[in-house]
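Chemist: Quick one: the structure is below, questions incoming.
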Amino acid sequence: MRFLFDENASEPFVTIKGENFKYLIKVLRHNVGDTIYLRSHKNKELLCSYTISSIEPRSVSLELQETKLYKVEAKKDFTLGWCVIDPKSIEKVLPSLNEIGVKKICFIYCDRSQKNFKLDFKRFERILYASMQQCGRTHLMEFETYKTLELFLADFPDTKVLDFCDIVLEDTTQIDTALIGCEGGFSLVEKESFNAKNVFRFDTPMILRSESAAVSIASKVLF
């Protein structure tokens with residue numbers, strides 16, 4: 001754990017209770033004198049250093065030592081265009097995409113997306129907050145929804161598209177936005193809307209699931 005979110009971060013004294021108390025003391029086995037870092041949702045860039053001053057049966061008391069502006073973020077901005085799949089599958093890889101450093105995910109209801117899938121961004125954010133505490137990331141990933149692929153491509157005309165083709169992805173330096181499909185891939189109508197020079201594939205004979213492709217392309221671009 002790199003830090004904990006607490007709305008009282010930056011206060012001279014902070015008391016931790018509930019699940020965060022159990023995590024700090026029961027799971028991580030922190031003791032009096034150990035250093036704990038806190039951030040607040042309202043000022044995520046401010047990192048607050050505390051020491052544990054006392055431990056009670058159901059709470060732990062912290063004393064402020066230092067505050068400083070400290071951002072942890074990816075070296076490059078990367079937007080992932082992701083045709084909507086089952087939200088449960090999205091949730092499984094959200095922490096990985098967050099740790100890799102994806103700045104924004106644009107969820108697109110493409111021709112082969114199941115339109116009954118509803119995306120709960122509040123739930124996604126709760127998953128990301130837990131991930132941020134673990135990996136140290138400062139800012140929350142952004143989310144946006146597009147009703148059609150056409151609307152997405154209008155906003156991101158230079159996006160690179162992962163699809164079945166002859167061009168193997170080699171150079172990722174110029175990729176700021178990448179698009180991946182849902183189960184079943186893109187429809188013929190959607191394929192016709194792509195700029196052929198922007199379509200690529202991975203150098204593998206295996207067929208990747210949509211969520212595996214999301215993690216793979218983010219890793220290639222950002223690492």
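The values are calculated or read from the model by the stated rules, or taken from the named source; none is laboratory data. Note that this is a predicted model, so its numbers are computed, not measured. When we count neighbours, we look across all protein chains shown, and the Cβ atoms used for this are built from the backbone with ideal geometry, even at glycine.
Chemist: What pairs come out if I take residues in segment 111-131 that are within 22 Å of ASN43 (Cβ to Cβ) and pair them with residues that are basic (Lys, Arg) whose C-beta lies under 9 Å away, six or more apart or interchain?
Modeler: Listed by first residue and then by second, the contacts come to LEU128/ARG137; SER131/ARG137.
Chemist: Please verify whether segment 48-64 includes one or more residues that are under 30 Å from ILE108 (Cβ atoms) and part of a loop (DSSP other than H, G, I, E, B). Before you say what the answer is, go through the steps one by one.
Modeler: Quick first cut of segment 48-64, residues under 30 Å from ILE108 (Cβ atoms) only: none.
Looking through segment 48-64, none of the residues is under 30 Å from ILE108 (Cβ atoms) and part of a loop (DSSP other than H, G, I, E, B).
Chemist: I'd like to know if segment 94-106 contains one or more residues that are among the hydrophobic types (A, V, I, L, M, F, W, C), assigned to a strand (DSSP E or B) and in contact (Cβ under 8 Å) with a residue 40 or more places away in the chain.
Modeler: Yes.
Chemist: Is segment 80-88 home to any residue that is aliphatic (A, V, I, L, M), in contact (Cβ under 8 Å) with a residue 12 or more places away in the chain and part of a loop (DSSP other than H, G, I, E, B)? Break it down into steps so the answer makes sense when it comes.
Modeler: Taking segment 80-88 first, the residues aliphatic (A, V, I, L, M) are 80, 84-85.
Going one step further and asking which of them are in contact (Cβ under 8 Å) with a residue 12 or more places away in the chain, we end up with 80, 84-85.
Subset that is part of a loop (DSSP other than H, G, I, E, B): 84-85.
Taking every residue of segment 80-88 in turn, at least one turns out to be aliphatic (A, V, I, L, M), in contact (Cβ under 8 Å) with a residue 12 or more places away in the chain and part of a loop (DSSP other than H, G, I, E, B).
Chemist: Give the number of residues within segment 111-166 that are among the aliphatic types (A, V, I, L, M) and either farther than 15 Å from SER193 by Cα or outside the structural domain of VAL93 (by TED's automatic domain parsing) (or both). Reasoning before the result, please.
Modeler: From segment 111-166, those among the aliphatic types (A, V, I, L, M) are 119, 127-128, 130, 132, 140-141, 149, 151, 153-154, 161-162; that's our starting set.
Then drop every residue that is not either farther than 15 Å from SER193 by Cα or outside the structural domain of VAL93 (by TED's automatic domain parsing) (or both), which leaves 119, 127-128, 130, 132, 140-141.
Counting residues in segment 111-166 that are among the aliphatic types (A, V, I, L, M) and either farther than 15 Å from SER193 by Cα or outside the structural domain of VAL93 (by TED's automatic domain parsing) (or both) gives 7.
Chemist: Quick check: anything in segment 55-68 under 25 Å from the mean Cα position of the chain (by Cα), under 19 Å from TYR129 (Cα atoms) and not hydroxyl-bearing (Ser, Thr, Tyr)?
Modeler: Taking segment 55-68 as the starting set, the residues that turn out to be under 25 Å from the mean Cα position of the chain (by Cα) are 68.
Right, trim to under 19 Å from TYR129 (Cα atoms) and you get none.
So far as segment 55-68 goes, no, none of its residues is under 25 Å from the mean Cα position of the chain (by Cα), under 19 Å from TYR129 (Cα atoms) and not hydroxyl-bearing (Ser, Thr, Tyr).
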